Ligand SMILES: [Zn+2]
């Protein structure tokens, strides 16, 4: 899939993509944005989000928009011209910039975001059940302030593929940074959240490949390693069982002797996020430190 851009209109195969124009936008950018901001819709499909952005009955003071909304199946709807400011960021700041609407493109992904418990499962807006959510703690803490894993709707591959193709054309136009709404408004926004593997996404867009040159570590101890909900050996494990030796993880940040990681499944799909002890992660074939064997024999303290 390859997009092109002509006068702010996204084109696919030489034809403009579907557009539902939002009145909540403008004026034109003073200079081409170098930042793209990723959002989730918190439930809506691309069509219902675009209709909401286009709803002229909304008071202008509360109007909002984005440049595009990408559906779960990879289809997309443009809502604002890429030459104009969309109203997607709200109060926001990043590296000295205040009010990111003027400096960024807004890309919405149809996704329920954080889920809530319904019976023994998880559901999003309207109690719509989600069968296989990612269980994770948001790196800024969950929306309800908790620090234990909650469910997040996963992003289908088709949706991510379209987002990568869109970013390819935006990068060609000068974008050099991809951020989450949760990066530029960390105290009030949680999108796109832990189910969006930002590191893998940036690697795909900026030329790296997930299976080549990516910084992936593996679980070393033969007995496996617990994924903790915080950087603390006493913190509750994200799941009851340790992750087996050889499990691939992608490091996100380091705190003391702990690394916040995304646990990867087949095709580098994110399975869970949490904290693991740095000493027990390494390159495939590496031998864990001597103490790890002893600790591994006593799972209570492992990781
Ligand atoms: Zn957002």
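The values are calculated or read from the model by the stated rules, or taken from the named source; none is laboratory data. The model shown is predicted, which means the values in this text are computed figures rather than measured ones. No Cβ is skipped: glycine too gets one built from the backbone with ideal geometry, and neighbour counts run over all protein chains shown.
I'm trying to understand the selection: among the residues of the stretch 130-140, which are in contact (Cβ under 8 Å) with a residue 12 or more places away in the chain and outside any strand (DSSP E or B)? Correct list: 132, 133, 137, 138, 139, 140. Summed over the stretch 96-105, residues that are assigned to a strand (DSSP E or B) and buried (at least 23 other Cβ atoms within 10 Å of the Cβ) total 2.
Residue by residue, here is whether (1) within 12 Å of the ligand (Cβ to nearest atom); (2) in a strand (DSSP E or B) holds:
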{"position": "31", "(1), (2)": "no, no"}
{"position": "39", "(1), (2)": "yes, yes"}
{"position": "42", "(1), (2)": "yes, no"}
{"position": "50", "(1), (2)": "no, no"}
{"position": "69", "(1), (2)": "yes, yes"}
{"position": "82", "(1), (2)": "no, no"}
{"position": "90", "(1), (2)": "yes, no"}
{"position": "107", "(1), (2)": "yes, yes"}
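The condition of being at pLDDT 85 or above, outside any strand (DSSP E or B) and closer than 20 Å to residue 149 by Cα holds for only one of 235, 279, that being 235.
Is one or more of the residues making up the stretch 119-129 part of a helix (DSSP H, G or I), more than 21 Å from residue 250 (Cα to Cα) and in contact with a strand residue (DSSP E or B) (Cβ under 9 Å, 6 or more places away or on another chain)? The answer is yes; a qualifying residue exists.
Return the residues of the stretch 53-64 that are within 16 Å of the ligand (Cβ to nearest atom), in a helix (DSSP H, G or I) and touching a residue at least 12 places away in the same chain (Cβ under 8 Å); say none if nothing qualifies. Once the filter is applied, which keeps residues that are within 16 Å of the ligand (Cβ to nearest atom), in a helix (DSSP H, G or I) and touching a residue at least 12 places away in the same chain (Cβ under 8 Å), the stretch 53-64 yields only 53. Within the stretch 187-202, the set of residues being more than 8 Å from the chain's Cα centre (by Cα) and more than 12 Å from the ligand (Cβ to nearest atom) comprises 187, 199, 200, 201, 202. Residues in the stretch 9-28 that are in contact with a strand residue (DSSP E or B) (Cβ under 6 Å, 6 or more places away or on another chain), over 16 Å from residue 166 (Cβ atoms) and assigned to a loop (DSSP other than H, G, I, E, B): 20 only. Every condition in (1) under 30 Å from residue 32 (Cβ atoms); (2) loosely packed, with under 15 Cβ neighbours inside 10 Å is met by residue 117 except one, and the failing one is (1).
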